[in-house]
Amino acid sequence: MKREVLRIVLSIGLMCLGCSGNSAYQGTTVRENDEVRIDLIDADGAQLPIEAFRGHPLLVFVFTTFDGYSQIALHHVETFHKTHSEITILAIAVQPEPGRILRAFKASLQADFSIAYDPSNSLLQGKSDFGVLNVIPAYFLLDKQGKISKSYQGPMTDDQLVQWLD
């Protein structure tokens, strides 16, 4: 019975994802093949420019710490990372005042990938090189030069991540 209720709730939620856009913001459009530049702060409070990840394929996972879809998707990102360590992962929290809870959040996950936030809120406002985020979570694959090669908005399982990256 619990599984059936959970399945119904998830189905309704997934149908509503397309309605959760942030149309109040005038943002940029994702421009694949453009180099991404954004200055982040990691969970320990240190500056972390995205350029630090150049030279490796980078999966950028944009999430919130309080959203159920993000939490489920984060679990799938962790599972994916365990079997695909050749791809570097950077999780970016977008929410009001993420710095206050991000360190404790990362410690509770025991994640072996970087978790950071955008102190300027350009991601949340749709004014970063990632463009407008209509749905959270969102995924961006950056090539070794830091250019967006793929983007996807909405939750994915680890199997879907594998298919999407192929």
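The values are calculated or read from the model by the stated rules, or taken from the named source; none is laboratory data. Computed from a predicted model, the values in this text were never measured in an experiment. Ideal geometry is used to build each Cβ from the backbone, glycine not excepted, and the neighbour counts take in all protein chains shown.
Right, Ala116: touching an Asp or Glu at 6+ places or on another chain (Cβ under 7 Å) and more than 22 Å from Gln163 (Cα to Cα) or not?
Numbers: touching an Asp or Glu at 6+ places or on another chain (Cβ under 7 Å): yes; more than 22 Å from Gln163 (Cα to Cα): yes.
In short, yes.
Looking only at residues in the stretch 93-130 that are under 11 Å from Val62 (Cβ atoms) and in a loop (DSSP other than H, G, I, E, B), which one is nearest to the chain's Cα centre (by Cα)?
Narrowing the stretch 93-130 to residues under 11 Å from Val62 (Cβ atoms): 93-95, 116-118, 123-124, 128, 130.
Imposing the further condition that a residue be in a loop (DSSP other than H, G, I, E, B) reduces the set to 94-95, 118, 123-124, 128, 130.
Working: Val94: 9, Gln95: 12, Asp118: 12, Leu123: 10, Leu124: 11, Ser128: 14, Phe130: 11 Å.
Taking the candidates together, the pick is Val94.
Among the residues of the stretch 49-63 satisfying the criterion of being of a type outside the set (Asp, Glu) and surrounded by fewer than 19 Cβ atoms within 10 Å (Cβ to Cβ), which is farthest from Ile136 (Cα to Cα)? Steps first, answer last, please.
Kept after step one, since they are of a type outside the set (Asp, Glu), are these residues of the stretch 49-63: 49-50, 52-63.
Still in the running and surrounded by fewer than 19 Cβ atoms within 10 Å (Cβ to Cβ): 49, 52, 54-57.
Details: Pro49: 22, Ala52: 24, Arg54: 24, Gly55: 27, His56: 24, Pro57: 22 Å.
That would be Gly55.
What number of residues within the stretch 115-145 are of a type in the set (Gly, Ala, Ser) and surrounded by fewer than 20 Cβ atoms within 10 Å (Cβ to Cβ)?
Summing the residues that are of a type in the set (Gly, Ala, Ser) and surrounded by fewer than 20 Cβ atoms within 10 Å (Cβ to Cβ) in the stretch 115-145 gives 2.
Does the stretch 66-77 contain at least one residue that is modelled with pLDDT under 90, under 17 Å from Ala46 (Cβ atoms) and assigned to a loop (DSSP other than H, G, I, E, B)?
For the stretch 66-77, residues modelled with pLDDT under 90, under 17 Å from Ala46 (Cβ atoms) and assigned to a loop (DSSP other than H, G, I, E, B): absent.
Please identify the pairs in which a residue from the stretch 105-133 that is more than 20 Å from Ser149 (Cβ to Cβ) and touching a residue at least 40 places away in the same chain (Cβ under 8 Å) has its Cβ atom under 8 Å from the Cβ atom of a residue that is among the basic types (Lys, Arg) and crowded, with 18+ Cβ neighbours inside 10 Å, counting only partners at least 6 apart or on another chain.
Going by the 8 Å Cβ cut-off, the qualifying pairs are Ile115/Lys106.
Look at the stretch 146-166 and say how many of its residues are surrounded by 17 or more Cβ atoms within 10 Å (Cβ to Cβ), part of a strand (DSSP E or B) and in contact with a helix residue (DSSP H, G or I) (Cβ under 9 Å, 6 or more places away or on another chain).
Number of matching residues: 1.
Out of the residues in the stretch 78-91 that are polar (S, T, N, Q) and either buried (at least 22 other Cβ atoms within 10 Å of the Cβ) or part of a helix (DSSP H, G or I) (or both), which is farthest from the chain's Cα centre (by Cα)?
By that ranking, first place goes to Thr83.
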